[in-house]
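Asker: Quick one: the structure is below, questions incoming.
The values are calculated or read from the model by the stated rules, or taken from the named source; none is laboratory data. Predicted model, so just to flag it, every value in this text is computed and none were measured. Note that each Cβ is placed from the backbone with ideal geometry, even for glycine, and that neighbours are counted across all protein chains shown. These accessible areas exclude ligands, DNA and RNA; they are computed on the full protein's heavy atoms, side chains included. Shrake-Rupley method; radii C 1.70, N 1.55, O 1.52, S 1.80 Å.
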Amino acid sequence: MKHRGEIIKEVVYRSGFPITELAKRLNKSRRWIYLMFENSNVSLDIVLQIGKIIHYDFTEEIKEFNPLQKVLETSSLEFDKDAEYWKNKYLKLLEEYNELLKKEK
């Protein structure tokens, strides 16, 4: 099984993206890039940055992204439910308030 650095190395070479340009965009040296290729525990932030630069999605190759993606999707769904709940509650209160104003006149 390949580690993160090897996966990144393979994808970068396959993409044809120049190592020098990748290093420049990451504000790192070429030597740092080659050392990263040997690192089994490249941070997920770096992986995301590289993916953005070379226009590649690492979620299939790097399994640690899958639980993160599920959490993000779940949070988004819960937010949508919460927003809908509060919107409905606001509209109901607004209607009740308007009814009270009509009664006072």
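Asker: Yes or no: Ile62 part of a helix (DSSP H, G or I) and either of a type in the set (Ser, Thr, Tyr) or surrounded by 12 or more Cβ atoms within 10 Å (Cβ to Cβ) (or both)?
Answerer: no
Asker: Follow-up. Starting from the stretch 1-15, keep only residues that are within 12 Å of Tyr34 (Cα to Cα), then list their pairs with residues that are assigned to a helix (DSSP H, G or I) and open to solvent by 50 Å² or more (accessible area, probe 1.4 Å) whose Cβ atoms are within a distance under 6 Å, requiring at least 6 positions of separation or different chains.
Answerer: Partner pairs satisfying both residue conditions: Gly5/Glu38.
Asker: Moving to a separate point now. Just checking, how many residues over the stretch 1-38 are surrounded by 17 or more Cβ atoms within 10 Å (Cβ to Cβ) and either farther than 16 Å from Glu60 by Cα or polar (S, T, N, Q) (or both)?
Answerer: 6
Asker: Could you tell me how many of the residues in the stretch 53-67 are at pLDDT below 85 and closer than 11 Å to Ile8 by Cα?
Answerer: 2
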